[in-house]
Number of protein chains: 2
Amino acid sequence: MERHFSKLLDQLNGRLVTMGTTAEAMIDKSVQALVERKGELIQEVYRLEGQVNQSQLDIDEEALRLLATQQPMAADLRFLVAAMKINGELERIGDQAVNICENTEFLLQHPPLKPLIDLPLMADAARKMLRESLDCFVRRDALEAKSVIMEDDRVDEFKDQILRELLTYMMSEPSTIPRAMSLVLISRNLERIADHAVNIGEEVIYMIEGKDVRHPKK
Amino acid sequence: MERHFSKLLDQLNGRLVTMGTTAEAMIDKSVQALVERKGELIQEVYRLEGQVNQSQLDIDEEALRLLATQQPMAADLRFLVAAMKINGELERIGDQAVNICENTEFLLQHPPLKPLIDLPLMADAARKMLRESLDCFVRRDALEAKSVIMEDDRVDEFKDQILRELLTYMMSEPSTIPRAMSLVLISRNLERIADHAVNIGEEVIYMIEGKDVRHPKK
């Protein structure tokens, strides 16, 4: 029985990792659609969103079933609660990739405003945070999860830098305003992806150490 | 024992409602700071954020303790899982109110761009959704929760309308761009508050009906 339960937990773990990989692919493809102006990738992102949404339902259902039937204690209970929360974060990351695509659809109808340099770097940084936070989850590595959380500052710096640069474009040439606005909104989607990766990191730490690291007292 | 558990669930329920009321006050005060140009309310929002964050930690801890010690089944288990999720939504609503304040701090350093009409209406619509979704949680009203979810379309219409209007300002008078950008970002914070209220409505339906209403097949 114990062994059977442990196998079910492993399976759930594997499903979350697969979902995370899909969410990561959604970020990749949405940013690639934008930077390389490949509109055909947008449909691919929408298709993957269906997979991520289905995973969310399946994982929640399975975690709840295990909570109900196995009455887990201590570390297993914390794992199941963390799994449900990480599940929610991954689904929302998928939503952000879809939002990036919506603004990209508009941008691809117009000539490029400027070569995109910082935005793909910001996307790389956010996607790396997601990858690392999921690795920490798989390896049960709280120390590394703490360093993922620290990386959020770099993403925020990109966000501020991108806003400043795009405001300059807008003010010097009003015809750029709608495109620049779309790029600002995309940078905000990337910021939120990084925030979700931070949340995953916090959940991992909680799962391992049984210690809540959210909202540390100042 | 059964009766004792039911009392503990009631207490948890009450704590979530109190937290929801605080989150609602944060929305109110952040929008009031912006619309009535009352900078002193911003500190009040930051103070309330501390309360909301503390509530999140306390509620998660209590829900996890009840999961571990009471081994709840069926409706009680779904209530505890819903409580942990709604808890997360409320904390993020608080974050959005803080973001509104950050942009408001900038706006209050400059003369008003225009009389704000749609933005407070959008805020009212989003706050009403939060209020109603929490009422549904308290009254265990799945039918009403479904109608809350429908209201999100109205908030999205406000969002589009506000963006269109502010783009017009930006393009006709470039000096308005930084202020108009801040107002666009505030409208996105309100959009996300409404999204969180939708999530709460979905959790309520799941808790009552044991049926997942997220991601309906098209």
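The values are calculated or read from the model by the stated rules, or taken from the named source; none is laboratory data. The shown structure was predicted, so the numbers you read here are calculated from the model rather than taken from an experiment. Cβ placement follows ideal geometry from the backbone for every residue including glycine, while neighbour counts extend to all protein chains displayed. Each accessible area value is taken on the protein alone, full model and side chains, heavy atoms only, with ligands, DNA and RNA left out. Shrake-Rupley method; radii C 1.70, N 1.55, O 1.52, S 1.80 Å.
Within the range A:160-173, residues that are under 17 Å from residue A:112 (Cα atoms) sit with their Cβ atoms under 7 Å from residues that are modelled with pLDDT of 95 or more and of a type in the set (Asp, Glu), at 6+ positions apart or across chains, in these pairs: A:162/A:118.
Residue B:31: at pLDDT 95 or above, open to solvent by 30 Å² or more (accessible area, probe 1.4 Å) and either in contact with a Pro (Cβ under 7 Å, 6 or more places away or on another chain) or of a type in the set (A, V, I, L, M, F, W, C) (or both), yes or no? So residue B:31 fails the test.
Test of understanding: among A:180, A:194, which residue is within 26 Å of residue B:55 (Cβ to Cβ) and in contact (Cβ under 8 Å) with a residue 40 or more places away in the chain?
Details: A:180 fails: within 26 Å of residue B:55 (Cβ to Cβ).
So the residue among A:180, A:194 that is within 26 Å of residue B:55 (Cβ to Cβ) and in contact (Cβ under 8 Å) with a residue 40 or more places away in the chain is A:194.
Cβ separations smaller than 7 Å between residues 6+ apart or across chains give the following pairs from the range B:124-136 residues that are of a type in the set (S, T, N, Q) to residues that are part of a helix (DSSP H, G or I) and crowded, with 24+ Cβ neighbours inside 10 Å: B:133/B:145; B:133/B:148; B:133/B:197; B:133/B:200; B:133/B:201; B:133/B:204. Here residue A:73 passes the criteria (1) facing chain B (nearest Cβ under 10 Å); (2) surrounded by 15 or more Cβ atoms within 10 Å (Cβ to Cβ); (3) aliphatic (A, V, I, L, M) except the one numbered (2).
Looking only at the range A:143-161, count every residue that is within 18 Å of residue A:35 (Cα to Cα) and either within 12 Å of chain B (Cβ to nearest Cβ) or not in a helix (DSSP H, G or I) (or both) and tell me the total. Residues meeting the conditions: 1.
If you go through the range B:31-73 one residue at a time, how many are part of a helix (DSSP H, G or I) and without any contact (Cβ under 8 Å) to a residue 60 or more places away in the chain?
Within the range B:31-73, the first condition is being part of a helix (DSSP H, G or I), and the residues that meet it are B:31-35, B:40-70.
When the remaining residues are screened for being without any contact (Cβ under 8 Å) to a residue 60 or more places away in the chain, the result is B:32, B:40-41, B:43-65, B:67-69.
Adding up the residues that qualify gives 29.
Screening residue A:214 on (1) open to solvent by less than 50 Å² (accessible area, probe 1.4 Å); (2) under 30 Å from residue B:179 (Cβ atoms); (3) within 11 Å of chain B (Cβ to nearest Cβ) shows it passes everything except condition (2).
Which one of these is buried (at least 16 other Cβ atoms within 10 Å of the Cβ) and more than 11 Å from every other protein chain (Cβ to nearest Cβ): A:190, A:185? Spell out how you get there, then give the answer.
On the way: A:185 fails: more than 11 Å from every other protein chain (Cβ to nearest Cβ).
Of A:190, A:185, the one residue that is buried (at least 16 other Cβ atoms within 10 Å of the Cβ) and more than 11 Å from every other protein chain (Cβ to nearest Cβ) is A:190.
Given the residues B:52, B:45, which is the only one that is over 20 Å from residue B:203 (Cα atoms) and open to solvent by less than 10 Å² (accessible area, probe 1.4 Å)? Among B:52, B:45, only B:45 is over 20 Å from residue B:203 (Cα atoms) and open to solvent by less than 10 Å² (accessible area, probe 1.4 Å).
Within the range A:87-146, the set of residues being under 11 Å from the mean Cα position of the chain (by Cα) and either surrounded by fewer than 17 Cβ atoms within 10 Å (Cβ to Cβ) or at positive phi (or both) comprises just one member, A:131.
Within 14 Å of another protein chain (Cβ to nearest Cβ), of a type in the set (S, T, N, Q) and open to solvent by less than 30 Å² (accessible area, probe 1.4 Å) - does that describe any residue in the range B:165-178?
Step one: filter the range B:165-178 for residues within 14 Å of another protein chain (Cβ to nearest Cβ), giving B:165-178.
Those left that are additionally of a type in the set (S, T, N, Q): B:168, B:172, B:175-176.
If we keep only those that are open to solvent by less than 30 Å² (accessible area, probe 1.4 Å) too, we end up with B:176.
Yes - at least one qualifying residue is present in the range B:165-178.
The residues in the range A:193-211 that are part of a helix (DSSP H, G or I) and open to solvent by 40 Å² or more (accessible area, probe 1.4 Å) can be counted, and the count is 4.
If I filter the range B:36-59 down to residues being charged (D, E, K, R) and within 13 Å of another protein chain (Cβ to nearest Cβ), which single residue comes out as nearest to residue B:121 (Cα to Cα)? Before you say what the answer is, go through the steps one by one.
Initial filter on the range B:36-59 (charged (D, E, K, R)): B:36-38, B:40, B:44, B:47, B:49, B:58.
Checking which are within 13 Å of another protein chain (Cβ to nearest Cβ) leaves us with B:47, B:49, B:58.
Working: B:47: 25, B:49: 23, B:58: 33 Å.
That would be B:49.
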